[in-house]
Amino acid sequence: MLYSHLMSTPAAAAESDQVAAGRDRVAIIVNPTKVDMRALASAIADAEATAGWRPSLWLETSVDDPGQGRAREAIEAGVSAVLAAGGDGTVRAVAEGMLESGIPMVLLPSGTGNLLARNLDVPIGRLTEAVKLAVEGIDQAADVGIATITRENGETETHAFVVMIGIGLDAKMISATNPELKKRVGWLAYVEAIARIARDVDAVRLRYTLDGSPERSTTVHTLLIGNCGTLPGGVLILPDAQIDDGLLDVVAMRPRNLWGWMRVSYAVAWENGVLQKTKVGRRIMAADKRVRALRYFQGRHMTLGFDRPEEFEIDGEEMGQVTAIDVRVAPASLLVRVPRD
């Protein structure tokens, strides 16, 4: 492995033999398919020298272990921080393995969406600055969503998410995205996918409860349940979402026609992006009594049941079809290192 060669120099070996007790050691959990290993190794070496860390523990993800098991290895090794280098899938998997550990996770974003990094103002595309967060950042407690999904055959799985989960057009868009185009143009590949499938996507009929409410039925084109509100391109889809408020934010998109989709676009770009940010803007929105194409909810526990199997995504990853979802918030269950300012 390239990083093994870079990190296994005689000087590093001598340093490892002579470390004084009490000096910090961090773990680097890296998805080698997403990261420039030489640049990462160089940035970590600089951080080790600056902070006086012991030589770092390097752990690679794999298809069989995208990060959960590697995170537990790092915790058992007694590291002072875990640096997750990869895309949204790597970040989510590492976070899942680190829940309730009390050890901070540092994001080294290297994927397409970099959703959590965007919401935490972590530098994207600037590896050296991201690594510096491990030395100079501060730790913040963050909520995590826990989704238990039911498959068509009745089997259940439980997954953590740090940004949001989605059903409907959102999930179908991710499933339909061309991976080669995504590599070339990044998140803009989602635009191509949604333009290609939008006319053929049927509305989702679902039953839901929120914080123990009586079961209700509704029809949506997209339902998002999130812990953070900002998507790629700076799109603010959940304007009230805060990563540490102990709540899940829900948005249901229910456009009935082209005009309805125009209202959704207006709401996201103008209401969420402009009006929501000022007191005057919020008063304008409160005075508008029209039926909105977007409906918002907040709560700690939501259940969803579907009339037929539906596509499901979690933190931007397609997860196949589900027939039911039970989602709850795990407050302050993850420690993340963020910029001081």
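The values are calculated or read from the model by the stated rules, or taken from the named source; none is laboratory data. Because the structure is a prediction, the values reported are computed rather than measured. No Cβ is skipped: glycine too gets one built from the backbone with ideal geometry, and neighbour counts run over all protein chains shown.
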**Request:** Of the numbered conditions (1) in contact with a Gly (Cβ under 6 Å, 6 or more places away or on another chain); (2) modelled with pLDDT under 90, Ser16 fails exactly one; give the number of that condition.
**Result:** (1)
**Asked** Identify, please: which residue in region 235-255 is aliphatic (A, V, I, L, M) and either part of a loop (DSSP other than H, G, I, E, B) or farther than 21 Å from His301 by Cβ (or both) and is, among those, farthest from the chain's Cα centre (by Cα)?
**Response** Met253
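Could you list, in sequence order, all residues of region 27-49 that are charged (D, E, K, R) and assigned to a loop (DSSP other than H, G, I, E, B)? Quick ask: steps written out before the conclusion?
First, pick out the residues of region 27-49 that are charged (D, E, K, R): 34, 36, 38, 46, 48.
Within region 27-49, Lys34, Asp36 meet the criteria.
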**Message:** Checking Leu133 against (1) surrounded by 24 or more Cβ atoms within 10 Å (Cβ to Cβ); (2) in contact with a helix residue (DSSP H, G or I) (Cβ under 6 Å, 6 or more places away or on another chain); (3) in contact (Cβ under 8 Å) with a residue 24 or more places away in the chain: exactly one of these is not met. Which one?
**Reply:** (2)
**Asked** What number of residues within region 85-118 satisfy the criterion of being closer than 17 Å to Ala141 by Cα and in contact with a strand residue (DSSP E or B) (Cβ under 8 Å, 6 or more places away or on another chain)?
**Response** 18
**Request:** Starting from region 97-116, take each residue that is in contact (Cβ under 8 Å) with a residue 40 or more places away in the chain and list its partners that are charged (D, E, K, R) and surrounded by fewer than 21 Cβ atoms within 10 Å (Cβ to Cβ), counting only C-beta distances under 9 angstrom and pairs at least six apart or across chains.
**Result:** Met98/Arg72; Ser101/Arg72; Pro104/Asp139; Ser110/Lys34; Ser110/Asp36; Gly111/Lys34; Thr112/Lys182; Thr112/Lys183
**Request:** Only residues that are over 30 Å from Ala45 (Cβ atoms) and in contact with a Lys or Arg (Cβ under 6 Å, 6 or more places away or on another chain): list them for region 120-160, please.
**Result:** Ile146
**Prompt:** Which members of region 66-84 meet the condition of being part of a loop (DSSP other than H, G, I, E, B) and over 18 Å from the mean Cα position of the chain (by Cα)?
**Reply:** Ala77, Gly78, Val79, Ser80
**Message:** Looking at region 85-130 only, could you name the residues that are over 16 Å from Arg72 (Cβ atoms), among the polar types (S, T, N, Q) and either assigned to a loop (DSSP other than H, G, I, E, B) or under 13 Å from the mean Cα position of the chain (by Cα) (or both)?
**Reply:** Ser110, Thr112, Asn114, Asn119
**Request:** Inspect all residues belonging to region 135-154 and state whether any of them is over 26 Å from Pro239 (Cβ atoms), of a type in the set (S, T, N, Q) and assigned to a strand (DSSP E or B).
**Result:** yes
**Request:** Looking only at region 313-341, count how many residues are out of contact with any strand residue (DSSP E or B) (no Cβ under 6 Å at 6 or more places or on another chain) and part of a strand (DSSP E or B).
**Result:** 3
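If you scan region 107-157, which residues turn out to be of a type in the set (Asp, Glu) and farther than 23 Å from Val329 by Cβ? Break it down into steps so the answer makes sense when it comes.
Initially, region 107-157 is screened for residues of a type in the set (Asp, Glu), giving 121, 129, 136, 139, 143, 152, 155, 157.
Selection gives Glu129, Glu136, Glu152, Glu155.
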